[in-house]
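The values are calculated or read from the model by the stated rules, or taken from the named source; none is laboratory data. For clarity, every value in this text was computed on a predicted model and none was experimentally measured. No Cβ is skipped: glycine too gets one built from the backbone with ideal geometry, and neighbour counts run over all protein chains shown.
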């Protein structure tokens, strides 16, 4: 796989994601041959983004908008991403990581709302610690959204 991807840093790790309709379904961890590559996205893990399961965890991030219908469903758009969240990090710190990783300006990011979504939408404040929204080591029951 490394031979087919241009890496920003030589020797960087790659992450395989199963993506469907602009939403990450899972991180692919198997070494088996992948039959259907149409749902696979390869992402470079930058320094500090590889999780060991200790005090950090990977959360799935998505860009979305609320549908204009009565049931207020979410429409996913753009490229989903994985964020490595360390214990004690606030949303403001995560926003700074996001800015540098994706080349987004602070002005653009200030126009967005950030939310944690499981069975309901909970908009986040810059001072909130994100790690507390997910159980360490458990499968993610909620996702991180930029609305």
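Within segment 114-144, count every residue that is over 15 Å from the mean Cα position of the chain (by Cα) and either part of a helix (DSSP H, G or I) or modelled with pLDDT of 75 or more (or both). Total meeting the criteria: 10.
Mind counting the residues in segment 59-99 that are free of Cβ contacts under 8 Å to residues at least 12 places away in the same chain and under 22 Å from residue 45 (Cβ atoms)? Can you show your working first?
To start, the set of residues in segment 59-99 that are free of Cβ contacts under 8 Å to residues at least 12 places away in the same chain comprises 67-73, 75, 93, 96, 99.
With the extra rule that they be under 22 Å from residue 45 (Cβ atoms), the set shrinks to 93, 96, 99.
Number of matching residues: 3.
Residues that are loosely packed, with under 14 Cβ neighbours inside 10 Å and either touching a helix residue (DSSP H, G or I) at 6+ places or on another chain (Cβ under 7 Å) or farther than 29 Å from residue 28 by Cβ (or both) within segment 93-119 comprise 105, 106, 107, 108, 110, 111, 113, listed in sequence order. Kindly indicate which of 32, 9 is part of a loop (DSSP other than H, G, I, E, B) and either more than 27 Å from residue 87 (Cα to Cα) or modelled with pLDDT of 75 or more (or both). Exactly one residue qualifies, and that residue is 32.
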